[in-house]
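The values are calculated or read from the model by the stated rules, or taken from the named source; none is laboratory data. Here the structure is a predicted model, which is why all the values come from computation and not from measurement. Every residue, glycine as well, gets a Cβ built from its backbone with ideal geometry; the counts of neighbours run over all protein chains shown.
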């Protein structure tokens, strides 16, 4: 059930339906907006809940750089693009993810 909820949340973010207009505005569904992140020269929307920005951002860089080969312990991570244009990771109520700005 949680995986389906997280997948739906990720899809909504990936489609831009819940993308914040500013970094200070939190998206709905309880996810906390954090700073944007730049990957491969492209700015991305970055969100997290239940983890620090530092932890989540460091793992986004690792996931992006390794194509998903390196994943945080205990987290289930998913991406339809090999973590090149977005993805998310979750462990219980701890979630973080990213997708390109529209």
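The set of residues in region 49-70 that are in contact with a helix residue (DSSP H, G or I) (Cβ under 9 Å, 6 or more places away or on another chain) and surrounded by fewer than 16 Cβ atoms within 10 Å (Cβ to Cβ) comprises 69, 70. Consider region 87-102 and keep the residues that are surrounded by fewer than 18 Cβ atoms within 10 Å (Cβ to Cβ) and modelled with pLDDT of 90 or more. The one that is nearest to residue 38 (Cα to Cα) is 94. Scanning region 71-102 for residues that are within 19 Å of residue 54 (Cβ to Cβ), in a strand (DSSP E or B) and in contact with a helix residue (DSSP H, G or I) (Cβ under 8 Å, 6 or more places away or on another chain) yields 77, 87, 88, 89, 90, 95, 96, 97, 98.
Scanning region 39-61 for residues that are out of contact with any strand residue (DSSP E or B) (no Cβ under 7 Å at 6 or more places or on another chain) and either in contact (Cβ under 8 Å) with a residue 60 or more places away in the chain or more than 13 Å from residue 96 (Cα to Cα) (or both) returns 39, 40, 41, 43. Scanning region 71-86 for residues that are in contact with a strand residue (DSSP E or B) (Cβ under 6 Å, 6 or more places away or on another chain), free of Cβ contacts under 8 Å to residues at least 40 places away in the same chain, at positive phi and surrounded by 15 or more Cβ atoms within 10 Å (Cβ to Cβ) yields a count of 0.
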